[in-house]
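Taking it in order: structure first as structure tokens, then the write-up.
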Amino acid sequence: MSSVAVAVKVSAGPDTVMGVRGELRVGADFGGRKASPSVAEITGSSLTGTAGHVLTTGGKHAVRAVYTNTTDRPTRLSAVTAQFGEKRVIAPTRGATVQPGESLPVDVPIPGTAKDGTDYRVRFVTVGDAVHRITGTVSVPSVDAITRAGPLAQIDGAPPAASVGKAPGLSADVTLAWSQEALVVDVCVADDVQRQTFTGQNIWQGDSVQVALAPGFPGETVSAGAEYGAALTSSGAESVVFRTMDGSPGTRTAATSTVTRDDSANRTRYRMSLPWAELAPIAADQRLLSVSVLVNDDDGGGRSFLAWGGGISHAKDSGQYNAVTLAD
Amino acid sequence: MHGAQVVTGKSALRPVKSTRSSLTLTPAQRVVVAQHYGDAARAGSKAQGYRLSGDGANTVDVQLYNLNDVPMTGSLHADADNGWRTAIAQPQVTIPRCRRWPWP
């Protein structure tokens, strides 16, 4: 079989929307007869612009659109507009000038009409330059469907964010807290039998905790995000990363955990510290994220579990995680 | 055969019937066009499509395979939706004839 290679250049035009799937079709014509075309799905991503759901310092829901000047000269950002369904919102930029390599975040308020799964489009308009478009989805759950993570300094004695399980042999309280360095997940498990015979990536088969995290609120990303685990193994408290934020199998992690067992009280406490530096694109200043917790239990008859949220034990699905905000 | 498994009753597998296709491919249809993407573009492509940069030109390698025993000369064309622009520096191509495997 003989072949030749041809390079096809593909570049975004003024109407290209980042994050939207399209098709690239390549065909060939031989004397008026056509070869079967090759069709591939393509999606654009841009260093020039990113956008994601955040809570502003005033506690309002917004899309934070970040413009990065990828050119070699100063660029003036004349406007940022966003379309949420039928509603158009304009965020003031006051003609801000962005130096080469620098970024300018602009918070675009999410209108009250935006509910679960509202698609939005953000436009960056730069003077004398192209219009940059990106797209995304926002979900704004009701207040009572959002779990609050308080400051780390207040975690001891704070009421649990959630309690799962009612059986006398297994139940758990989940408490979330945060600092500028990490998200802290505290799980206090009431378990009559503490049993963990595995280590490393296999700890999920014994008594352990799994925590999954994704950017934005549930349903805003197709990514399942990252997944961590902690257990009291034969060598002591062990932290593992099952999956990193880019979907790769985990190897090393900067996450730490303490796990203590009180046999007289039949309680095991897991406290996991998950550094933001390892959770990008999640960042503390976004003040929101999606979290799910699984408590694994094996009393010798095989693994069972309790879940706060879903998306861990069966399909890996961040749409089933819990909406969490970082509160002062 | 391993073990003592005994199969009784009707097999779920149906016998394969030999069929003869009457489809005749044109010489142009015996040219296969295939797009190839690098590792960075392929990451997450099953869920989201091949990832291209919106900040500059992307190069997609297109391979044309000739299954004919004569050289094929023609032209390549590309188009995309969502506002993507395409360009081919040298759309005219000649693909050498398919070389038969030199059986002894």
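The values are calculated or read from the model by the stated rules, or taken from the named source; none is laboratory data. None of these values were measured; they are calculated from a predicted model. FYI the Cβ positions are ideal-geometry reconstructions off the backbone, even for glycines, and counts take in every protein chain you see.
Confirm whether A:P92 is under 16 Å from A:V125 (Cα atoms), out of contact with any strand residue (DSSP E or B) (no Cβ under 6 Å at 6 or more places or on another chain) and of a type outside the set (D, E, K, R).
Working: under 16 Å from A:V125 (Cα atoms): yes; out of contact with any strand residue (DSSP E or B) (no Cβ under 6 Å at 6 or more places or on another chain): yes; of a type outside the set (D, E, K, R): yes.
Yes: the conditions hold for A:P92.
Looking at region A:192-205, is at least one residue closer than 30 Å to B:D39 by Cα and either touching a residue at least 12 places away in the same chain (Cβ under 8 Å) or of a type in the set (F, W, Y) (or both)?
Checked region A:192-205: at least one residue is closer than 30 Å to B:D39 by Cα and either touching a residue at least 12 places away in the same chain (Cβ under 8 Å) or of a type in the set (F, W, Y) (or both).
Considering (1) facing another protein chain (nearest Cβ under 7 Å); (2) within 24 Å of B:Y37 (Cβ to Cβ); (3) not small (G, A, S), say which one B:P91 fails and leave the rest.
Here B:P91 clears every test but (1).
In region B:21-77, which residues are of a type in the set (V, I, T) and either under 15 Å from the mean Cα position of the chain (by Cα) or farther than 24 Å from A:G31 by Cβ (or both)?
Once the filter is applied, which keeps residues that are of a type in the set (V, I, T) and either under 15 Å from the mean Cα position of the chain (by Cα) or farther than 24 Å from A:G31 by Cβ (or both), region B:21-77 yields B:V31, B:V32, B:V33, B:T59, B:V60, B:V62.
Residues A:V17, A:V39, A:V26: which one is more than 21 Å from the chain's Cα centre (by Cα) and in contact (Cβ under 8 Å) with a residue 40 or more places away in the chain?
Details: A:V39 fails: in contact (Cβ under 8 Å) with a residue 40 or more places away in the chain; A:V26 fails: in contact (Cβ under 8 Å) with a residue 40 or more places away in the chain.
Selected residue: A:V17, the only one of A:V17, A:V39, A:V26 that is more than 21 Å from the chain's Cα centre (by Cα) and in contact (Cβ under 8 Å) with a residue 40 or more places away in the chain.
Residue by residue, here is whether (1) more than 14 Å from chain B (Cβ to nearest Cβ); (2) farther than 30 Å from A:V63 by Cα; (3) of a type in the set (S, T, Y) holds:
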residue	(1), (2), (3)
A:G225	no, no, no
A:G236	yes, yes, no
A:S239	yes, yes, yes
A:G247	no, no, no
A:D262	yes, yes, no
A:T268	yes, yes, yes
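Among the residues of region A:46-67, write down those that are more than 19 Å from A:A284 (Cα to Cα) and either in contact with a Cys (Cβ under 9 Å, 6 or more places away or on another chain) or surrounded by fewer than 20 Cβ atoms within 10 Å (Cβ to Cβ) (or both).
Residue satisfying the conditions is A:L47 alone.
For every residue, the table says whether it meets (1) out of contact with any helix residue (DSSP H, G or I) (no Cβ under 8 Å at 6 or more places or on another chain); (2) modelled with pLDDT under 95; (3) more than 22 Å from A:G309 (Cα to Cα).
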{"residue": "A:A226", "(1), (2), (3)": "no, no, no"}
{"residue": "A:S239", "(1), (2), (3)": "yes, no, no"}
{"residue": "A:T251", "(1), (2), (3)": "yes, yes, yes"}
{"residue": "A:A255", "(1), (2), (3)": "no, no, no"}
{"residue": "A:T258", "(1), (2), (3)": "yes, no, yes"}
{"residue": "A:R269", "(1), (2), (3)": "yes, no, no"}
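Just checking, does region B:47-55 include any residue being more than 15 Å from A:E41 (Cα to Cα) and touching a residue at least 12 places away in the same chain (Cβ under 8 Å)?
No, region B:47-55 has no match at all.
I want to confirm something. Restricting to region A:83-130 and keeping residues that are basic (K, R) and either closer than 20 Å to A:M18 by Cβ or crowded, with 18+ Cβ neighbours inside 10 Å (or both), which single residue is modelled with the highest pLDDT?
Once the filter is applied, the top-ranked residue is A:R88.
Could you name every one of the strands (runs of 3 or more DSSP E) located completely within region A:169-287 that has at least 3 residues being charged (D, E, K, R) and surrounded by 15 or more Cβ atoms within 10 Å (Cβ to Cβ)?
In region A:169-287, A:267-275 are the strands (runs of 3 or more DSSP E) which contain 3 or more residues that are charged (D, E, K, R) and surrounded by 15 or more Cβ atoms within 10 Å (Cβ to Cβ).
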